[in-house]
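Worksheet for the structure shown next.
The values are calculated or read from the model by the stated rules, or taken from the named source; none is laboratory data. Remember, predicted model here, so these are calculated numbers, not experimental data. Neighbour counts run over all protein chains shown; Cβ positions are idealised from the backbone, glycine included. Note: areas computed on protein heavy atoms with side chains; ligands, DNA, RNA excluded. Shrake-Rupley method; radii C 1.70, N 1.55, O 1.52, S 1.80 Å.
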Amino acid sequence: MKNVEQTGGEALVSALTANGADTMFAIPGIQLDWAVDALSAAPEISVYVPRHEQSVSYMADGYARVTGKPGVGMVVPGPGMLNATAGLSTAYACNSPVVFVVGQIHSEAIGKGYGNLHEIPDQSSVLRGLTKSQELVLDRSAISGAIDKAFTASMEGRRRPAAVEIPYDLLIAKAEATPRSNAETAASDAPDQKAIDKTAELIDAAEFPLIYIGGGAMDAGAEIAALAEKLGAPVVASDNGRGAIPDSHPLMFNALAGRPLFSKADLVLVIGSRFMDIMTPEASWPQEGKTFLYLNIDATDMGGPRKSAVDILADAAAGAEALTGAVKKRETISAGQAGKIKGWAKSQIEATGTLWNYVAALRKALPDDGILVNELTQVGYLSRIAFECRQPRTLIGPGYQGTLGYGFPTALGAAVGGKGRRVFSISGDGGFGWSIQELATAARYQLPVTLVVFNDGFYGNVRSIQSATFGRNYITELANPEFSDLARAFGLEYARADSPDALQSVLAESVKSDGPLFVEVPVGKMASPWPLLRLRPMGGGAEADYSDLF
């Protein structure tokens, strides 16, 4: 029996559905017309259309971070692809599985410099630098296989974006449809037993072992908690690792509480983390006089300048489970000591006053399974350590990219992935300016996002740093719209909160609704969160004495 003919666009959509995609974020354009037409006949895929290509990649990232599944995006070539690169770089930094479909000019014109619509020199190289896997399809028959490989690459090993470029003439071209089956992700290799045994031996010999977790541990919380409980050892989370184990666990500590723990530790097991400071290697956790062990699925995160006694190349869950079976049961830290250290860290955070009160308002109003998308604003900075994480994948940040303006569009994608769970998106008035247009997207799809904009009239953090460094500041002032009018112009409900208590009340009400809400919070100067966030100022500095906490 002769197979039914498919266009390349139909082959693309068939490949997406075969790989389990039921959601796509896309902006249409002429090079994508045949793909978009095929999507219109595929009700199993819900398509969300934001107002800017950067939001396509941000929304795909937000969806992936909440669900743990690939977020799928699609944009036209050239300027469309370039607009999306900020979101791709953020997804890359945060180990987020995004499958990005990018249009291309006519296949016979690629690399010729003819001046075709949306042509740029060597688009593939740009994508290659921002993704784990990139493929330019030059044969209609290769579309399905390229999509399969992208899904596999995005989820296999270290999760990161994968891109597929498809020229528009190949999306138009017809060929016989071929039978398909869902692509499968290969099982991770078991950790090397010799490395497990050596690691267990060193842990058992240590006086005060400590576990440090990063974003690569997000889906291994149960296995790491079991290891920590057998050792009675504290676990400290990086920004990206927060939530893997709930903060309520007696052995789970934020990075601030990690300072005295690191000062005491003689051995550190690093799981699923780059273990690098985002500014300079010298400002990272001190490594002198300690034994370091690394468990990571990516070998590049275990090389210099890190110092390692043993490296375990394995999935975080598999490695932690193997170590749990190999180490001896003990009590590294007592319940009293753990409580004292947590109390010390909490007192430091609460001393920031109004800044902490805003973080507390967010936590009190958000349900346990709600999601906070944390922007680069003063309240957001403190939230990195102060916002209590109660479930995995409920605190989303920009990672080392520090992508100003990513928050609101990422929150929209998180809301799609959350399937009705309330999302709080916090932004400064500066960062919000990147994505004002996405108020239209929130309104169009009635997404359950509460957008909180802390309005001080400046690029506040830049202003603070400039003032502290130079005694003055320059080009940090903002000319903002009347936010109440802006919200209503886009068809959104608006509220104003002039204090932490007022914000908590407004947020609590928003949780009861199904659609979006814009909340403006006028703020003045607040305490700086940075002394609590940076272990040491750039340029070094003496280590504090925490002996009284033990």
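Of all residues in the stretch 291-322, those that are assigned to a helix (DSSP H, G or I) and either at pLDDT below 90 or farther than 24 Å from Glu207 by Cα (or both) total 6.
Residue-wise test of (1) at pLDDT below 95; (2) more than 20 Å from Glu53 (Cα to Cα).
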residue	(1), (2)
Leu404	yes, no
Gly407	no, no
Phe432	no, no
Pro448	no, yes
Tyr459	yes, yes
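Scanning the stretch 526-545 for residues that are at pLDDT below 90 and in a loop (DSSP other than H, G, I, E, B) gives Arg534, Leu535, Arg536, Pro537, Met538, Gly539, Gly540, Gly541, Ala542, Glu543, Ala544, Asp545.
Looking only at residues that are outside any helix (DSSP H, G or I) and touching a Leu at 6+ places or on another chain (Cβ under 6 Å) in the stretch 196-232, which one is nearest to Asn95 (Cα to Cα)?
Ile211
What are the residue pairs meeting all of these: first residue in the stretch 323-345, first residue under 9 Å from Ala200 (Cα atoms), second residue of a type in the set (Asp, Glu), Cβ atoms under 8 Å, and 6 or more apart or on different chains? Every condition considered, the pairs that remain are Thr324/Glu223; Ala326/Asp197; Val327/Asp204; Lys328/Asp204. Can you find even one residue in the stretch 458-475 that is open to solvent by less than 40 Å² (accessible area, probe 1.4 Å) and within 16 Å of Pro522 (Cβ to Cβ)? Within the stretch 458-475, one or more residues are open to solvent by less than 40 Å² (accessible area, probe 1.4 Å) and within 16 Å of Pro522 (Cβ to Cβ). Just to be sure before I move on: is Leu412 within 19 Å of Thr441 (Cα to Cα), at pLDDT 95 or above and surrounded by 22 or more Cβ atoms within 10 Å (Cβ to Cβ) in the structure I sent? Against the criterion (within 19 Å of Thr441 (Cα to Cα), at pLDDT 95 or above and surrounded by 22 or more Cβ atoms within 10 Å (Cβ to Cβ)), Leu412 qualifies. Filtering Asp501, Asp514, Asp548 for residues that are outside any helix (DSSP H, G or I) and surrounded by fewer than 16 Cβ atoms within 10 Å (Cβ to Cβ) leaves a single hit, Asp514. Residues that are in contact with a Leu (Cβ under 6 Å, 6 or more places away or on another chain) and open to solvent by 40 Å² or more (accessible area, probe 1.4 Å) within the stretch 28-67 comprise Trp34, Val47, listed in sequence order. Checked against the criterion of being without any contact (Cβ under 8 Å) to a residue 24 or more places away in the chain and over 21 Å from the mean Cα position of the chain (by Cα), the candidates Gly78, Gly103, Gly111 yield just one match: Gly111. With respect to Thr394, is the statement that it is polar (S, T, N, Q), within 15 Å of the chain's Cα centre (by Cα), closer than 21 Å to Ala91 by Cβ and open to solvent by 10 Å² or more (accessible area, probe 1.4 Å) true? So Thr394 fails the test.
When Val310, Val359, Val373 are checked against the criterion of being touching a Phe, Trp or Tyr at 6+ places or on another chain (Cβ under 8 Å), open to solvent by less than 50 Å² (accessible area, probe 1.4 Å) and either free of Cβ contacts under 8 Å to residues at least 60 places away in the same chain or on the phi > 0 side of the Ramachandran plot (or both), a single residue qualifies: Val359.
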